[in-house]
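Visitor: Below are the structure tokens for one structure; questions will follow.
The values are calculated or read from the model by the stated rules, or taken from the named source; none is laboratory data. As the structure is a prediction and not an experimental result, all values here were calculated from the model. Every residue, glycine among them, receives a Cβ derived from its backbone with ideal geometry; neighbour counts consider all protein chains shown.
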Amino acid sequence: MQERLVLKAVERDDPGALFALVRAEPRLRQARGPDGVSALLHALYRRRMHLVELLRHDQLDGFEAAALGDVERLMSLLFRDDMVPLLVNGDGYTALHLAAFFNQPGTARLLIATGADIDARAENETRQRPLHAAVVAGSVGIVTQLLYMGAYPDLQQKGGWTPLHLAAAYNRIEIAELLLQHDASIDIRDEAGDTPVDLAARRGHAELLARLIAER
């Protein structure tokens, strides 16, 4: 019951209620939903950093440590369990997905070095790979790491979008350049029939559009 109240406080963005709950019962900082995803991660997904600070604790799991960029904690978990990089959270994401999505190059590097699947497909409807997450986050560093380690640049997520589709949609010029340097295709069509060129044109990203057209 108390754990549900913690999750509701996060959902409602109610720091007063959350503070009262965790002050009365500090263990509630580790509250989890029915799927096992922590309240801390729910706060992070919502970018409610004031709630994240109320929920931070010294027993972070691998997913939380990856998302928060806590290299020291993640390293200690890896010493105890070398399967951490391969685990999938209750919402379908690996720790590497989370490090990429939250732009944490330190924990991403550690996970890659310890056996994380750089092309892991999210076990949810997004079908996202870590490279997709890094492009959305605008993380040039993590995109570089993943491509250098051999991440395949043309895998498609929900909607048929490749990482280059995402770069075109979000106007990530430097990331698009990196993808092109690693032989990303400009001709793959998403489920709506659009190529990255089409998306860049539709969204008015003139500089990126010119670069993509030059690739033809």
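Visitor: Would you point out the residue of the range 97-133, among those that are part of a loop (DSSP other than H, G, I, E, B) and among the charged types (D, E, K, R), that is nearest to Y152 (Cα to Cα)? Write out each step before concluding.
Guide: Taking the range 97-133 as the starting set, the residues that turn out to be part of a loop (DSSP other than H, G, I, E, B) are 102-104, 114-129.
From the residues that got through so far, the ones that are among the charged types (D, E, K, R) too are 117, 119, 121, 123, 125, 127, 129.
Values: D117: 11, D119: 7, R121: 12, E123: 18, E125: 20, R127: 14, R129: 10 Å.
Filtering the range 97-133 for residues that are part of a loop (DSSP other than H, G, I, E, B) and among the charged types (D, E, K, R), the one nearest to Y152 (Cα to Cα) comes out as D119.
Visitor: Let me ask something else about it. Working only within the range 190-214, note down all residues that are touching a helix residue (DSSP H, G or I) at 6+ places or on another chain (Cβ under 6 Å) and assigned to a loop (DSSP other than H, G, I, E, B).
Guide: If the condition is that a residue be touching a helix residue (DSSP H, G or I) at 6+ places or on another chain (Cβ under 6 Å) and assigned to a loop (DSSP other than H, G, I, E, B), then D190, E191 are the ones that fit.
Visitor: Run down L60, L77 and say which single residue is in contact (Cβ under 8 Å) with a residue 12 or more places away in the chain, assigned to a helix (DSSP H, G or I) and either of a type in the set (A, V, I, L, M, F, W, C) or farther than 21 Å from L111 by Cβ (or both).
Guide: Details: L60 fails: assigned to a helix (DSSP H, G or I).
Among L60, L77, only L77 is in contact (Cβ under 8 Å) with a residue 12 or more places away in the chain, assigned to a helix (DSSP H, G or I) and either of a type in the set (A, V, I, L, M, F, W, C) or farther than 21 Å from L111 by Cβ (or both).
Visitor: Moving to a separate point now. If I ask for residues that are farther than 27 Å from A24 by Cα and out of contact with any Leu (no Cβ under 8 Å at 6 or more places or on another chain), which ones from the range 39-76 would you list? Steps first, answer last, please.
Guide: Start the filter on the range 39-76 by keeping residues that are farther than 27 Å from A24 by Cα, which leaves 66, 69, 71-72, 74-76.
Once the filter is applied, which keeps residues that are farther than 27 Å from A24 by Cα and out of contact with any Leu (no Cβ under 8 Å at 6 or more places or on another chain), the range 39-76 yields G69, E72, S76.
Visitor: Report, by residue number, each residue of the range 1-50 that is among the aliphatic types (A, V, I, L, M) and outside any helix (DSSP H, G or I).
Guide: Within the range 1-50, the subset among the aliphatic types (A, V, I, L, M) is 1, 5-7, 9-10, 17-18, 20-22, 24, 28, 31, 37, 39-41, 43-44, 49.
Hits for the range 1-50 are M1, A31, V37.
Visitor: Looking at P85, P15, can you tell me which residue is within 26 Å of D117 (Cα to Cα) and not hydrophobic (A, V, I, L, M, F, W, C)?
Guide: Working: P15 fails: within 26 Å of D117 (Cα to Cα).
From the options P85, P15, the qualifying one is P85.
Visitor: Kindly indicate whether any position in the range 182-189 is modelled with pLDDT of 95 or more, outside the structural domain of A137 (by TED's automatic domain parsing), within 27 Å of M149 (Cβ to Cβ) and part of a helix (DSSP H, G or I).
Guide: no
Visitor: Something else: Among the numbered criteria (1) surrounded by fewer than 24 Cβ atoms within 10 Å (Cβ to Cβ); (2) in the same structural domain as L208 (by TED's automatic domain parsing), which single criterion is violated by L164?
Guide: Evaluating L164 over (1) surrounded by fewer than 24 Cβ atoms within 10 Å (Cβ to Cβ); (2) in the same structural domain as L208 (by TED's automatic domain parsing) leaves (1) as the failure.
One line per residue, one yes/no per condition, for (1) acidic (D, E); (2) touching a helix residue (DSSP H, G or I) at 6+ places or on another chain (Cβ under 7 Å); (3) surrounded by 14 or more Cβ atoms within 10 Å (Cβ to Cβ):
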residue	(1), (2), (3)
K8	no, no, yes
H42	no, yes, yes
R47	no, no, no
L55	no, yes, yes
L60	no, yes, yes
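Visitor: Mind checking which residues of the range 65-96 are surrounded by 23 or more Cβ atoms within 10 Å (Cβ to Cβ) and in contact with a Lys or Arg (Cβ under 9 Å, 6 or more places away or on another chain)?
Guide: A65
Visitor: For the range 49-57, state whether one or more residues are in contact with an Asp or Glu (Cβ under 6 Å, 6 or more places away or on another chain), at pLDDT 95 or above and not assigned by TED's automatic domain parsing to the domain that holds N89. Outline the logic, then answer.
Guide: As a first pass, look at the range 49-57 and keep what is in contact with an Asp or Glu (Cβ under 6 Å, 6 or more places away or on another chain): none.
Taking every residue of the range 49-57 in turn, none turns out to be in contact with an Asp or Glu (Cβ under 6 Å, 6 or more places away or on another chain), at pLDDT 95 or above and not assigned by TED's automatic domain parsing to the domain that holds N89.
Visitor: Taking E25 as meeting all but one of (1) surrounded by fewer than 18 Cβ atoms within 10 Å (Cβ to Cβ); (2) of a type in the set (D, E, K, R); (3) in contact (Cβ under 8 Å) with a residue 24 or more places away in the chain, write down the number of the exception.
Guide: (3)
Visitor: Now for a separate question. Is it the case that A113 is small (G, A, S), buried (at least 19 other Cβ atoms within 10 Å of the Cβ) and either farther than 23 Å from L7 by Cβ or out of contact with any strand residue (DSSP E or B) (no Cβ under 6 Å at 6 or more places or on another chain) (or both)? Working first, answer last.
Guide: Values: small (G, A, S): yes; buried (at least 19 other Cβ atoms within 10 Å of the Cβ): no; either farther than 23 Å from L7 by Cβ or out of contact with any strand residue (DSSP E or B) (no Cβ under 6 Å at 6 or more places or on another chain) (or both): yes.
It is false that A113 is small (G, A, S), buried (at least 19 other Cβ atoms within 10 Å of the Cβ) and either farther than 23 Å from L7 by Cβ or out of contact with any strand residue (DSSP E or B) (no Cβ under 6 Å at 6 or more places or on another chain) (or both).
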